Structures are given as structure tokens and as C-alpha cells.
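Novice: My questions will all concern the structure given below.
The values are calculated or read from the model by the stated rules, or taken from the named source; none is laboratory data. This structure is a prediction, so every number in the text was calculated from the model and none was measured. Cβ atoms come from the backbone with ideal geometry, glycine included; neighbour counts cover every protein chain shown.
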Amino acid sequence: MKKIIIEIAATFGVVTFLLFSGVMIKNNVLAVNVYRVTGTQLEDTVICSGKIEYTETNDVSPAANGIVQEVFVEKGDTVEKGDRLFSMIANISAENVKGADTASLVNVVNNNSMNVEAPVSGTVLSVDIKSEDPIASGTTVITIVNSDNLCVNVPINENKISKIKTGQPVKITGTAFGNHSYSGKVSSIDSIAKQVVTTTGKETAVDVTVSIENPNQLIKQGYTAKCTITTNTKNNGIIIPYETVEMDSENSGTVYTFNNGKAQKKSVKIGNEYENGVEIISGLNKNDLVIEAPEKINDTGSVRVNKLLEIKK
């Protein structure tokens, strides 16, 4: 009987030792967080800032010298093509109307009184005349714009301008319109570079015009806008968090992957950097488990998974 009791006690002791040893071993193995590598769409962008402007302005000027009789519009008024803008007493002579076509003078009536009409529909941007003002032929006195046609004029550094092409999509944001953002496209690229003053000094830049789709009352001429221009899109690219990479040089680095309880060291080729991580061109495959904080990996390489984290999109 005593022999049986001794054997049972011995067996229990061995089991307890093995269990305790297993717990100790587990507790001594480094617990790591890992990310599963997945394919994602990567966008290369150029970020720049500029001023919101009207795409087209229409300057109104009289076809002859004269005196303003009455002004029928104010700044901010909406007008239709053909609406009266102002009337004037014109001093009609060959030299005063030189270059004017017949249509420009069709409203001349008795006493040389004439109405000047809106050439296009839109919003009155400025009115620079009042009753009894003298005005000269060809001088801009009223400006009309189409408030639905807004653009952003952005200077882009000469180091980045080669990436910009007409038609590229643009995300437009700004502090003046809160969390609202607008879509746009690169509509034109200036053919001449210029010197611009920045916070770091002077630099050479090229003006780029970005058209704005579906503008509303939140976005106005003169506001500052931030433009994020998408210059290239890559499907099924690999991106991993910065905290999983040890940089060896500008284009190469080291990561550790989790493989059967071991941390496996791998060299990777690095591409572009993004807000949520760094692009891996080679060295990793989809479904690899990349270990966070590789600087903590010890010489034995034995690890266990603490958490499986998700790579931010």
C-alpha cells in the first residue's frame, strides 16, 4: 500500500514539475506583438498649398469715353447675360471708338446715352464706378465671375514638378472649411518657372492650376487650400508600420518575422514612406507575421505571440 502511495506521489510530483517548468519556460519567452502582412493600394502624392481663385474673370469696359449716368449693380449681385450694368453719356467720335465693333455701340440712343450690358452670366466681383464718374474707353470698371468655376493656384517645387501631370486627381482641404474636403483635378501646368519666397528662403517653382469639382458656399476666393495630388497608384503593395523596421540605410532595413516560435531576421528593400508606414518592395510576402519593436529581440530568437495587430489602411 505504501509503495502505491509513494508511486502516486512521485507521479504527481513529476507532473507538477513539468507543468511548473512549462509555465516558467513560457514566462521566460519574449511575448511580442505581430502584424500580418497584407496587400493594399498605395498612393504616391505631392502635397502643396495655394490660394483659391476664380477660373475665369470677365472684365467689363465701355466702348467709348463718357460720363456714368447710373449704376444698376453692386458687388455680390447675380446677373444674367444681357442685364444692364450701368448707363453712360458717351462721347462718340472716331478716335474714341477706334477698334469697337458695331455690336458694342448698338445701344447708343439720343444724346449719346448708352447702356452697358453683362457679357456673361455670373456674380459681380467688383464695381469701380459710381454716378457722374468720367470713364475711358477700354478701362475695366466692372468684373463678373462664374462663382461655380473655382480653382486653386499652387506653386510646386522644381524637384517635384516632373511628377505632376494634367488630369491627376486632387484632394482639397483647408482650415476655412473645417472637415469638409473637395475633389479636383490638375487642369494646367505653367510653362515658365518662377522664384517664390518660402519659410526656408527662396525656391524655384512652377504654378499649377487645380480645378475644384462641385464647390459650395464654404469655399471662397482668397482662402488658402491644401492640395494632395495623387501622382501614382500601386495595387497590392506591401506596407508595414515604422515600429517594425530597423533602418540600415535610406533604401534598406531589417525586420523580424514570427515563424514557429522563433524570430526570423530578414533584410528588406524599402520604397516610399507613408503616414501609416513604409513600403516594402522586396523581402516580405503576404501573410508573413512581422514583429513589432525588433530591437527587443534577444539572441535566442524564441518568442511567443502576445497580440495580433492590424495594419492601418
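Novice: I need every pair where a residue in the range 250-279 that is more than 17 Å from Glu295 (Cα to Cα) and modelled with pLDDT under 90 has its Cβ under 7 Å from the Cβ of a residue that is part of a loop (DSSP other than H, G, I, E, B) and basic (Lys, Arg), sequence separation at least 6 or different chains.
Specialist: Within 7 Å, the pairs are Asn276/Lys312.
Novice: Are any residues in the range 280-300 under 32 Å from the mean Cα position of the chain (by Cα) and of a type in the set (S, T, N, Q), and if so, which ones?
Specialist: Ser282, Asn285, Asn287
Novice: Answer with yes or no whether Ile129 is at pLDDT 50 or above, within 11 Å of Ala63 (Cα to Cα) and of a type outside the set (Lys, Arg).
Specialist: For Ile129, the condition - at pLDDT 50 or above, within 11 Å of Ala63 (Cα to Cα) and of a type outside the set (Lys, Arg) - is not met.
Novice: Can you tell me which residues in the range 245-267 are part of a strand (DSSP E or B) and not charged (D, E, K, R)?
Specialist: Of everything in the range 245-267, those that are part of a strand (DSSP E or B) and not charged (D, E, K, R) turn out to be Met247, Ser252, Gly253, Thr254, Val255, Tyr256, Thr257, Phe258, Asn259, Ala263, Gln264, Ser267.
Novice: Turning to a different aspect of this structure: Need a quick list: strands (runs of 3 or more DSSP E) entirely within the range 105-196 having at least 2 residues that are over 22 Å from Lys51 (Cα atoms).
Specialist: Here the list reads 113-117.
Novice: Do we have any residue at all in the range 125-138 that's in the same structural domain as Asn91 (by TED's automatic domain parsing), without any contact (Cβ under 8 Å) to a residue 60 or more places away in the chain, aliphatic (A, V, I, L, M) and closer than 30 Å to Ser87 by Cβ?
Specialist: yes
Novice: To continue, here is another question. Do we find that Asn91 is at pLDDT below 85 and in contact with a strand residue (DSSP E or B) (Cβ under 6 Å, 6 or more places away or on another chain) in this structure?
Specialist: yes
Novice: Would you mind stating whether Gly174 is under 15 Å from the mean Cα position of the chain (by Cα), in contact (Cβ under 8 Å) with a residue 12 or more places away in the chain and loosely packed, with under 14 Cβ neighbours inside 10 Å?
Specialist: Criteria not met by Gly174.
Novice: Let me ask another. So in the range 197-229, with the set limited to residues that are aliphatic (A, V, I, L, M) and not in a strand (DSSP E or B), which one is modelled with the lowest pLDDT?
Specialist: Within the range 197-229, the match that is modelled with the lowest pLDDT is Leu218.
Novice: Here's another thing I want to ask about it. Do we have any residue at all in the range 178-189 that's in contact with a helix residue (DSSP H, G or I) (Cβ under 9 Å, 6 or more places away or on another chain) and modelled with pLDDT of 90 or more?
Specialist: Within the range 178-189 (the criterion being in contact with a helix residue (DSSP H, G or I) (Cβ under 9 Å, 6 or more places away or on another chain) and modelled with pLDDT of 90 or more), the answer is yes, since at least one residue qualifies.
Novice: Evaluate the following for Ala118: is it at pLDDT below 50 and either out of contact with any helix residue (DSSP H, G or I) (no Cβ under 9 Å at 6 or more places or on another chain) or surrounded by fewer than 17 Cβ atoms within 10 Å (Cβ to Cβ) (or both)?
Specialist: When the stated conditions are applied, Ala118 does not pass them.
Novice: Could I ask something else about it? For the range 249-268: of the residues being closer than 20 Å to Gly301 by Cα and charged (D, E, K, R), which is farthest from the chain's Cα centre (by Cα)?
Specialist: Here the answer is Lys262.
Novice: While we're looking at this one, here's another question. Please find, within the range 43-94, the residue that is farthest from Ile280 (Cα to Cα) out of those that are charged (D, E, K, R) and in a loop (DSSP other than H, G, I, E, B).
Specialist: Asp83
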